[in-house]
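Below is one structure, written out as structure tokens, with a few remarks after it.
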Amino acid sequence: MEQNSRILLPLDFPTPEQAVSCVNLLRDDVAGFKVGLELINSAGFDIFDQIRQNAGPAAKIFYDCKLHDIPNTVAGASRAIARRGLWMFNIHASGGSAMMQAAVKAAEEGAEQGGHSKRPIVIAVTLLTSISAEVLSTELAVGRTVAGHVTALARVAQDAGCDGVVASPHEIAAIRAACGPEFTLVIPGVRPAGADVGDQKRVMTPGEAASAGADYLVIGRPITAAPDPLLATRTINREVAGNTA
């Protein structure tokens, strides 16, 4: 793992073989790896062990499971995730404070049951970066601005004991002002200048997001779909370093 990198690389592949190949190529140049719904449903939970076998036992694995259910159900899942010794997982802030509190408490229990020295970092998803202001207002019937809604959810998550949130780069400053410098910000919706934004609506370049105060940048397709993924990763690392020096 590259200690100075802020990149959490999504392993959004249909097969474990493709994911492991990517891990082997980029393990020394990223901060960690994100395992999401596509890979976990195609490869199963053994993928966590495969990542560790190829990137080292201390590899930072972010399980992007986005738990969202009643508190008891989320607690059970959080406890099981923590027993696996993962570095980070997420839940939906819109599940409410009781659900988030249950997740954090169960993560502590699961880590102890699994013999791990500390629980996973628990972060809350505020608003998906694919949701625009128009969708928030017309489809979800939320009568707040995107920034206002995201910041309010971040405050609730912090009060519930979560370690940080997932938010778009456009809300970094507002969350920092509301939740302070120690609150972990994991930021998707990051695209190098000129890259295809895909289904993301609220985007920023890696340098801009790092300068704004992002702790970790979730950057997938601009790296994994690049002709030279290693070069793309190192170029982004240099851009981020130049904006945070």
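Take the conditions (1) at negative phi; (2) surrounded by 16 or more Cβ atoms within 10 Å (Cβ to Cβ); Gly85 misses just one of them, which is (1).
Counting only helices (runs of 4 or more DSSP H) wholly contained in region 69-141, the ones carrying 2 or more residues that are over 17 Å from the mean Cα position of the chain (by Cα) and of a type in the set (Val, Ile, Thr) occupy 71-83, 133-138. Applying the set (1) buried (at least 16 other Cβ atoms within 10 Å of the Cβ); (2) over 18 Å from the mean Cα position of the chain (by Cα); (3) at pLDDT 95 or above to Asp159 leaves exactly one unmet item: (1). On the stretch given as region 39-67, residues that are modelled with pLDDT of 95 or more and within 25 Å of Val104 (Cα to Cα) total 20. Of the numbered criteria (1) surrounded by fewer than 15 Cβ atoms within 10 Å (Cβ to Cβ); (2) farther than 24 Å from Val218 by Cβ; (3) small (Gly, Ala, Ser), the one Ala106 fails is (1). What about Glu17, is it over 21 Å from Ile236 (Cβ atoms), in contact with an Asp or Glu (Cβ under 7 Å, 6 or more places away or on another chain) and either modelled with pLDDT under 95 or assigned to a helix (DSSP H, G or I) (or both)? It is false that Glu17 is over 21 Å from Ile236 (Cβ atoms), in contact with an Asp or Glu (Cβ under 7 Å, 6 or more places away or on another chain) and either modelled with pLDDT under 95 or assigned to a helix (DSSP H, G or I) (or both).
Taking the criterion of being buried (at least 19 other Cβ atoms within 10 Å of the Cβ), under 22 Å from Pro169 (Cβ atoms) and either touching a strand residue (DSSP E or B) at 6+ places or on another chain (Cβ under 7 Å) or of a type in the set (D, E, K, R) (or both), the residues of region 1-25 that qualify are Arg6, Ile7, Leu8, Leu9, Pro10, Leu11. Could you tell me whether any residue of region 175-182 is more than 16 Å from the chain's Cα centre (by Cα), surrounded by 14 or more Cβ atoms within 10 Å (Cβ to Cβ), in a loop (DSSP other than H, G, I, E, B) and without any contact (Cβ under 8 Å) to a residue 60 or more places away in the chain? Taking every residue of region 175-182 in turn, none turns out to be more than 16 Å from the chain's Cα centre (by Cα), surrounded by 14 or more Cβ atoms within 10 Å (Cβ to Cβ), in a loop (DSSP other than H, G, I, E, B) and without any contact (Cβ under 8 Å) to a residue 60 or more places away in the chain.
Exactly one residue out of Phe33, Phe62 is buried (at least 19 other Cβ atoms within 10 Å of the Cβ), among the aromatic types (Phe, Trp, Tyr) and over 14 Å from Gly85 (Cα atoms): that is Phe33. Within region 183-192, the only residue that satisfies the criterion of being assigned to a strand (DSSP E or B) and surrounded by fewer than 20 Cβ atoms within 10 Å (Cβ to Cβ) is Thr184. Checking each residue in region 219-245 for being of a type in the set (D, E, K, R), more than 17 Å from the chain's Cα centre (by Cα) and assigned to a helix (DSSP H, G or I) picks out Arg234, Arg238, Glu239. Residues that are touching an Asp or Glu at 6+ places or on another chain (Cβ under 9 Å) and assigned to a loop (DSSP other than H, G, I, E, B): does region 32-49 have at least one? Looking through region 32-49, at least one residue is touching an Asp or Glu at 6+ places or on another chain (Cβ under 9 Å) and assigned to a loop (DSSP other than H, G, I, E, B).
The values are calculated or read from the model by the stated rules, or taken from the named source; none is laboratory data. Only a predicted model underlies this, so the values are computations on that prediction, with no experimental measurement involved. When we count neighbours, we look across all protein chains shown, and the Cβ atoms used for this are built from the backbone with ideal geometry, even at glycine.
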